[in-house]
Amino acid sequence: MMMPDELSPKLRFPEFRSHAPWEAELGGKLFDQISDKSHNSDLPVLAITQEHGAIPRKLIDYHVSVSTSSLAGYKVVKPDDFIISLRSFQGGIEVSRYTGICSPAYVILRSSHPNVVEFFAHFFKSPEFIRLLNVNVEGLRDGKMISYKQFSDIPIPLPSRAEQKKVADCIEAIKDVISAENQKLIALKDHKAGLMQRLFPPLAEGAISLNISESATFKHWIETSIGSHILEVQEKSEIQDQYPVLTSSRGGLVRQDEYFEESRLSKRNNIGFNILPPDCITYRSRSDDDFYFFNENTLGITGIVSQYYPVFKISGGNTKFFLFLLERYARYIGVHGVGNAQRVLSLNALRSVSLPIPDSETQDYVAECLVSAERQIQVQSRKIDDLECHKLGLVQQLFPRQAFS
């Protein structure tokens with residue numbers, strides 16, 4: 001790969017603007033490959049993740065059985081080492097904050113110069129560097145991992161240590177803000193979960209029956225078959241691509257061409273798909289874990305969903321209340337699915353489920369409380385998304401694009 005003549009980031013801090021352009025050095029000149037197996041299998045086994053970097057498996061509840069004889073061949077990883085994984089073409093190269101061991105399949109990189117680790121940690125995760133990996137390394141999508149030799153031929157931008165630190169500190173500062181905002185988001189979600197616990201009658205132990213409290217709080221709630229409030233929508237699409245194909249996921253209802261990189265189902269015959277009008281509800285009737293997620297069509301469009309996604313609307317009740325009701329008793333509803341490896345909850349099975357339902361005034365009150373809590377979560381989520389976009393923009397300007405040509 002040709003080395004760039006000079007590297008100049010679009011955004012440079014004032015104290016460095018009069019300095020010469022950045023230099024570049026090949027990866028193999030900056031990082032050594034490490035294959036240290038001198039351990040007694042007593043170090044924590046590290047999981048190599050795109051979200052947490054290299055982290056002890058026990059810290060993220062990651063359980064994979066490994067024999068003692070296999071552990072003997074694992075490589076030692078030290079803090080500030082970088083690890084190339086099979087998924088680096090998707091998420092970049094990961095950094096470790098821990099001493100541990102990892103599978104010998106991974107390529108471990110250790111800086112051979114006294115550079116600022118955080119600078120490279122951000123560079124190796126930048127979208128442009130990931131694109132560079134995809135452009136210049138063949139066979140990645142077929143499961144081929146980036147080799148040390150291939151990494152060694154990639155030009156890496158190399159400003160002075162002082163400028164490395166300035167760039168790293170800037171990105172770390174906004175990361176700290178995002179982390180703090182994420183903690184606020186967690187608190188808001190916990191608040192909503194607490195409201196759900198207080199506003200609905202509790203489940204009995206084992207989630208096999210309901211336990212409507214005799215306290216005044218729930219004395220007007222009556223255990224009722226939810227089928228009396230479900231009105232199935234049975235319209236089917238009659239022509240190909242009559243409406244946009246939608247996907248009902250754990251994260252909500254989205255257009256399928258936005259959910260997947262390529263719209264898989266829209267390329268297939270979608271005549272006979274279930275039509276999902278606005279304000280109606282759908283869910284994936286198949287589950288691997290006995291949880292089913294119900295989503296209302298609030299996209300403002302009519303869409304279509306696979307035949308595996310029943311469509312219904314609420315009759316004689318507050319739609320938002322019933323959505324929260326289905327969410328609150330998701331574990332209880334899940335036991336009504338049938339099957340072995342993959343459980344199925346048909347619409348008829350859902351209809352047969354009895355749940356505690358109050359009068360309309362209480363439904364409105366419960367819905368109002370929880371909608372308000374959800375709005376706060378949505379506002380906070382959008383704030384975090386905006387900060388992530390700001391961080392991405394900074395990264396794109398703080399690293400020179402010439403490095404990626």
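The values are calculated or read from the model by the stated rules, or taken from the named source; none is laboratory data. If you're wondering where the values come from, they're calculated on a predicted model, not measured in any experiment. So basically every Cβ, Gly included, is an ideal-geometry build from the backbone, and we count neighbours across all protein chains shown.
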- Out of the range 151-192, which residues are in a loop (DSSP other than H, G, I, E, B) and either among the acidic types (Asp, Glu) or under 21 Å from the mean Cα position of the chain (by Cα) (or both)? ASP153
- Note on the structure: Of the residues in the range 349-364 that are out of contact with any Gly (no Cβ under 8 Å at 6 or more places or on another chain) and of a type outside the set (A, V, I, L, M, F, W, C), the one that is farthest from TYR292 (Cα to Cα) is GLU361
- Query: Listed residues ARG351, ARG343; which is under 30 Å from HIS220 (Cβ atoms) and of a type in the set (Lys, Arg)?
  - Reply: ARG351
- Query: Which of the residues that make up the range 76-92 are closer than 16 Å to SER147 by Cβ and at pLDDT 95 or above?
  - Reply: PHE82, ILE83
- Here the qualifying pairs (Cβ atoms under 7 Å; residues six or more apart or on different chains; first in the range 219-230 and among the hydroxyl-bearing types (Ser, Thr, Tyr); second assigned to a helix (DSSP H, G or I)) come out as SER225/ARG351
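Here is a yes/no grid of residues against (1) at pLDDT 90 or above; (2) among the charged types (D, E, K, R):
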site	(1), (2)
ASN136	no, no
ARG141	no, yes
MET145	no, no
GLN164	yes, no
VAL167	yes, no
GLU172	yes, yes
- Yes or no: SER126 crowded, with 18+ Cβ neighbours inside 10 Å and modelled with pLDDT of 90 or more? yes
- Task: Can you tell me which residue within the range 73-90, out of those that are without any contact (Cβ under 8 Å) to a residue 60 or more places away in the chain and part of a strand (DSSP E or B), is farthest from CYS102 (Cα to Cα)?
- Result: PHE82
- Go through the range 62-96 residue by residue and tally those that are basic (Lys, Arg) and either in contact with a His (Cβ under 7 Å, 6 or more places away or on another chain) or crowded, with 21+ Cβ neighbours inside 10 Å (or both). 1
- Could you tell me which residue of the range 4-50 is surrounded by the most Cβ atoms within 10 Å (Cβ to Cβ), considering only residues that are of a type in the set (A, V, I, L, M) and assigned to a strand (DSSP E or B)? LEU46
- Message: Of everything in the range 289-314, what is polar (S, T, N, Q), part of a loop (DSSP other than H, G, I, E, B) and within 21 Å of VAL371 (Cα to Cα)? Give them in sequence order.
- Response: ASN297, THR298
- Message: Quick check on the range 384-405. Is at least one of its residues of a type in the set (Ser, Thr, Tyr) and either touching a strand residue (DSSP E or B) at 6+ places or on another chain (Cβ under 6 Å) or within 25 Å of LEU203 (Cβ to Cβ) (or both)?
- Response: no
- Within the range 282-305, how many residues are surrounded by fewer than 19 Cβ atoms within 10 Å (Cβ to Cβ) and touching a helix residue (DSSP H, G or I) at 6+ places or on another chain (Cβ under 9 Å)? 5
- Query: ASP290 fails exactly one of the following numbered conditions: (1) over 30 Å from ASP241 (Cβ atoms); (2) at pLDDT 95 or above. What is the number of that condition?
  - Reply: (2)
- Would you say SER70 is over 21 Å from SER147 (Cβ atoms), assigned to a helix (DSSP H, G or I) and in contact with a Ser or Thr (Cβ under 9 Å, 6 or more places away or on another chain)? yes
- Item | Output for the range 330-342, where each listed residue is of a type outside the set (S, T, N, Q) and within 24 Å of the chain's Cα centre (by Cα) | ALA330, ARG331, GLY334
- Query: Does LEU59 count as in the same structural domain as LEU109 (by TED's automatic domain parsing) and surrounded by fewer than 16 Cβ atoms within 10 Å (Cβ to Cβ)?
  - Reply: yes
- Item | Residue under evaluation VAL95, criteria (1) in a helix (DSSP H, G or I); (2) in contact (Cβ under 8 Å) with a residue 24 or more places away in the chain, criterion not met | (1)
- Being of a type in the set (Gly, Ala, Ser) and closer than 17 Å to MET196 by Cα narrows it down to one of ALA330, ALA341, so name that one. ALA330
- Query: With respect to GLY53, is the statement that it is out of contact with any Phe, Trp or Tyr (no Cβ under 6 Å at 6 or more places or on another chain), over 27 Å from LEU398 (Cα atoms) and surrounded by 14 or more Cβ atoms within 10 Å (Cβ to Cβ) true?
  - Reply: no
